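**Student:** The structure is given below, and queries will be raised subsequently.
Derivation of every value follows stated rules applied to the coordinates shown; laboratory data play no part. Note that the coordinates shown come from a computational prediction; the quantities given were computed from them, not determined experimentally. Here the Cβ is made from the backbone with ideal geometry for all residues, glycine too, and neighbour counts use every protein chain on show.
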Amino acid sequence: MALSSDGYTFTDINQGNAVIGGDTIAVQKGIRDPHIYRGPDGTFYLAMTDLHIFAQRDGYRDTEWDRDGAKFGWGNNRGFVLMKSEDLINWSIANVDVSKAFPGYEEIGCAWAPETIYDEDENKLMVYFTMRFGNGLNKLYYSYVNDEFDKLLTEPKLLFEYPKDITYIDADISKFGETYQMFYTPHDGYPGIKKAVSDKVNEGYVYDDRWFDTEPKHCEAPNVWKRIGEEKWVLMYDVYSIHPHNFAFRETSDFEAFTDLGRLNEGVMKSTNFSSPKHGAVIHLTKSEAQKLAAHWGMTFQ
């Protein structure tokens, strides 16, 4: 976790070390793709992929993957870690296995990159994620989750259908005016960032064929967040194909025209004590909340 007082320069609260260990909370002893969301009541919801890609190397299992790679493909995880907190310090923890939640999902190949949003029409939290059956194509699905944030309430439904028969992953939804702006990563020639727009959070997304990243290398994991006190939104995404990997940023006031901000520590966006970030998410805190969190980790926040 990192904090920023201005939305431009971020400082890790634990000197670049983990604040939550996958080996203590995940079935596969590893976590990926953390997404943090602040609910309408102020509660924090942290959703992550339960997956360790180096578990064999680290002695957690005897095989490269949890199940047969020929049958289930890369990673082949089956669930999420869902966490809930009032203060970002004390958390409830739940392991949610999608393959056991509903009949017919026993042979899913993966359940990746869960994110959370509030459905105003249903008055429920909605978790949306990447999923595939067997070693098939990855697609975007959604399910409603209970108030305790430890159980899926509804069978996953397709969130959006890409017009080509390809893999598409990593959805991130933001409400802008009366529209829902969903950025995601299609593997269409090369992985990059596209978007679709709807007037409903869970359906009706209209395909846009434009690419919204400007990277010559593969990227994924878009996350959009608003600057405090300004009508500006930042599109952040993971440039995973460069070494070391990094974030890149673009900024918009209307979700149509975007201005490049460069990569982390190569443009206006900076980090002070960490590098090589992957698949992150940004939310707003009050100054008091930020100071309490920083103090818990022995850090001063002004």
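**Student:** Could you tell me which of the residues VAL206, VAL268, VAL224 is of a type in the set (Val, Ile, Thr), under 25 Å from THR116 (Cα atoms) and touching a Leu at 6+ places or on another chain (Cβ under 9 Å)?
**Tutor:** None of the other options fit; the residue is VAL224.
**Student:** Then there is this: Considering each residue of the stretch 49-103, count those that are surrounded by 17 or more Cβ atoms within 10 Å (Cβ to Cβ), part of a loop (DSSP other than H, G, I, E, B) and touching a residue at least 60 places away in the same chain (Cβ under 8 Å), and give that number.
**Tutor:** Matching residues across the stretch 49-103 total 3.
**Student:** Regarding the stretch 252-262, can at least one residue be identified that is surrounded by fewer than 16 Cβ atoms within 10 Å (Cβ to Cβ), free of Cβ contacts under 8 Å to residues at least 24 places away in the same chain and in contact with a helix residue (DSSP H, G or I) (Cβ under 9 Å, 6 or more places away or on another chain)?
**Tutor:** No, the stretch 252-262 has no match at all.
**Student:** ASP188 versus (1) under 18 Å from GLY280 (Cα atoms); (2) among the acidic types (Asp, Glu); (3) free of Cβ contacts under 8 Å to residues at least 60 places away in the same chain: which is the lone unmet condition?
**Tutor:** Result: ASP188 fails condition (1) only.
**Student:** Continuing with the same structure: Take the stretch 112-128 and flag every residue that is out of contact with any Ser or Thr (no Cβ under 7 Å at 6 or more places or on another chain) and at positive phi.
**Tutor:** Scanning the stretch 112-128 gives a single hit, ASN123.
**Student:** The conditions are (1) in contact (Cβ under 8 Å) with a residue 24 or more places away in the chain; (2) farther than 29 Å from LYS175 by Cβ, and GLU106 fails exactly one of them. Which is it?
**Tutor:** All conditions pass for GLU106, except number (1).
**Student:** Of all the residues that make up the stretch 232-280, how many are polar (S, T, N, Q) and more than 25 Å from HIS187 (Cα to Cα)?
**Tutor:** 6
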